[in-house]
1. Where the accessible area of region 31-119 is counted over protein heavy atoms with a 1.4 Å probe, how much of it, in %, is carbon and sulfur?
2. With every protein chain left in place, what is the accessible area per residue of region 78-119 in square angstrom, probe 1.4 Å?
Amino acid sequence: KKSITMTILLLPYYRLIVPATRNNTRGIANIGRPVCLAMKPGSPIRGLDIFKNSEPPVAQDRSQYPSWISDLSKPLISLAALRRLPLENSTDKEQMRYLKLTRRGQIKEKNNSVADQSS
């Protein structure tokens with residue numbers, strides 16, 4: 001028996017995570033990247049029916065969503081890839097992500113050193 005777990009990412013998309021197999025040890029389809037599939041227009045979106053006396057929202061046609069929504073399904077660039085990228089060739093968004101990830105790493109290192117000193 002194989003089970004499939006699905007989670008809602010945003011209105012027109014969902015992520016499909018498959019069980020781990022011999023060839024796919026990470027348990028996620030497409031070499032560690034989620035497969036984003038469009039929902040059929042008019043299908044109800046589970047998990048967003050938060051109001052008691054109203055119908056759950058339904059997926060709309062792809063053309064009715066803003067263009068930036070399709071960018072949400074693309075995987076983010078990793079810190080290792082950002083370190084290899086020359087500064088001149090990187091976009092502002094990539095530079096901000098690099099700074100965010102490096103600051104996050106510094107904060108974790110500092111938290112670990114403080115925790116080691118206190119114990």
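1. Values: 4160 of 7580 Å².
For region 31-119, the apolar C and S fraction of the accessible surface comes to 55 percent.
2. Per-residue value: 88 Å².
The values are calculated or read from the model by the stated rules, or taken from the named source; none is laboratory data. Just so it is clear, the structure is predicted and the values come from calculations on it, not from any experiment. To get the accessible areas, we keep the full protein, side chains included, count just its heavy atoms, and leave off ligands, DNA and RNA. Shrake-Rupley method; radii C 1.70, N 1.55, O 1.52, S 1.80 Å.
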